[in-house]
Amino acid sequence: MPELVESHVHVPIPSDPVERIRALRVLREVYRRGKKPSLEVTYRTVGGSTCGPYYVARWRKDSRFKHGRTLYLDKSENESVSFVEWLVSLDRSEVLELARHLMRNLRSVLKTLLTEVLSLPYKKARRVLTRGLALAFDARPSNSPRIRDLLEELPDRLESFAVRTLGGWPAHYSSYLRKVIRSRRRSLDGRHEVPDVELELERWKLRHG
């Protein structure tokens, strides 16, 4: 597997930056949980109509993690769907080796980006961060500090953006957010108010540890 990773032969790396970050999110969760995801199909109901199918990478809760995790990949034609489909066909040891390799690459990317974004205006720094994270598949592995340590060197707003970009939301957070929206609709006599999603997420994290 190391040779396969280093040469990228047969690895269906997404070409689109957004799709690369989706694939990187999946591998970061593989690294954190030490297990492969399952590739599953889901549907959404919007205004009484069923939309889909949409694809997700999913990890069930287990003895180490009391909550599951779902990362949305969207439509079947997306490159991240093909990537995860390929990923789940591998042995667990191969998937973990690929995840470890990508995390070393990611540390290298973050270490390089730190010197580039600190002096930039927020919006421009955010664009540079996004493009840089998408290049983790092409970076050279690094022995730099842990990802958390590197992220904490970013200004607060950029750290928050990078964490959201890499991590997404816990699957069970969406059900909490729906309750918040329904509650606010009732309190506003049917008028719709969109909650501050980031603020509500921080509140939710404080309640759930």
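The values are calculated or read from the model by the stated rules, or taken from the named source; none is laboratory data. In this text the structure is predicted, and so the values were computed from the model without any measurement. Counting neighbours? That spans all protein chains shown, and the Cβs are built from the backbone with ideal geometry, glycine included. The area values use the complete protein model at the heavy-atom level, side chains included, leaving out ligands, DNA and RNA. Shrake-Rupley method; radii C 1.70, N 1.55, O 1.52, S 1.80 Å.
Only one of (1) outside the structural domain of residue 153 (by the TED database); (2) open to solvent by less than 70 Å² (accessible area, probe 1.4 Å) is not met by residue 117, so which one is it?
Going through (1) outside the structural domain of residue 153 (by the TED database); (2) open to solvent by less than 70 Å² (accessible area, probe 1.4 Å) one by one, residue 117 breaks only (1).
Here is a check on your reading of the model: is residue 81 β-branched (Val, Ile, Thr) and surrounded by fewer than 20 Cβ atoms within 10 Å (Cβ to Cβ)?
When the stated conditions are applied, residue 81 does not pass them.
Quick check on the stretch 85-112: of everything there that is in contact (Cβ under 8 Å) with a residue 12 or more places away in the chain and more than 30 Å from residue 154 (Cα to Cα), which residue is least open to solvent (accessible area, probe 1.4 Å)?
Per the criteria, the residue is 87.
I'm trying to understand the selection: among the residues of the stretch 25-69, which are aromatic (Phe, Trp, Tyr) and in contact (Cβ under 8 Å) with a residue 12 or more places away in the chain?
Of everything in the stretch 25-69, those that are aromatic (Phe, Trp, Tyr) and in contact (Cβ under 8 Å) with a residue 12 or more places away in the chain turn out to be 31, 54, 55, 59, 65.
Would you mind stating whether residue 59 is touching a Pro at 6+ places or on another chain (Cβ under 9 Å), modelled with pLDDT of 90 or more, open to solvent by 30 Å² or more (accessible area, probe 1.4 Å) and under 18 Å from residue 28 (Cα atoms)?
On the way: touching a Pro at 6+ places or on another chain (Cβ under 9 Å): yes; modelled with pLDDT of 90 or more: yes; open to solvent by 30 Å² or more (accessible area, probe 1.4 Å): no; under 18 Å from residue 28 (Cα atoms): yes.
Criteria not met by residue 59.
Only helices (runs of 4 or more DSSP H) wholly contained in the stretch 60-162 count here; list those with 1 or more residues that are touching an Asp or Glu at 6+ places or on another chain (Cβ under 8 Å) and hydroxyl-bearing (Ser, Thr, Tyr).
Passing ranges, in order: 79-88.
Looking at the stretch 136-149, which of its residues are open to solvent by less than 100 Å² (accessible area, probe 1.4 Å) and more than 23 Å from residue 13 (Cβ to Cβ)?
145, 148, 149
Mind checking which residues of the stretch 23-56 are open to solvent by 70 Å² or more (accessible area, probe 1.4 Å), touching a Gly at 6+ places or on another chain (Cβ under 8 Å) and under 21 Å from residue 103 (Cβ atoms)?
Listed by number, the list holds a single entry, 28.
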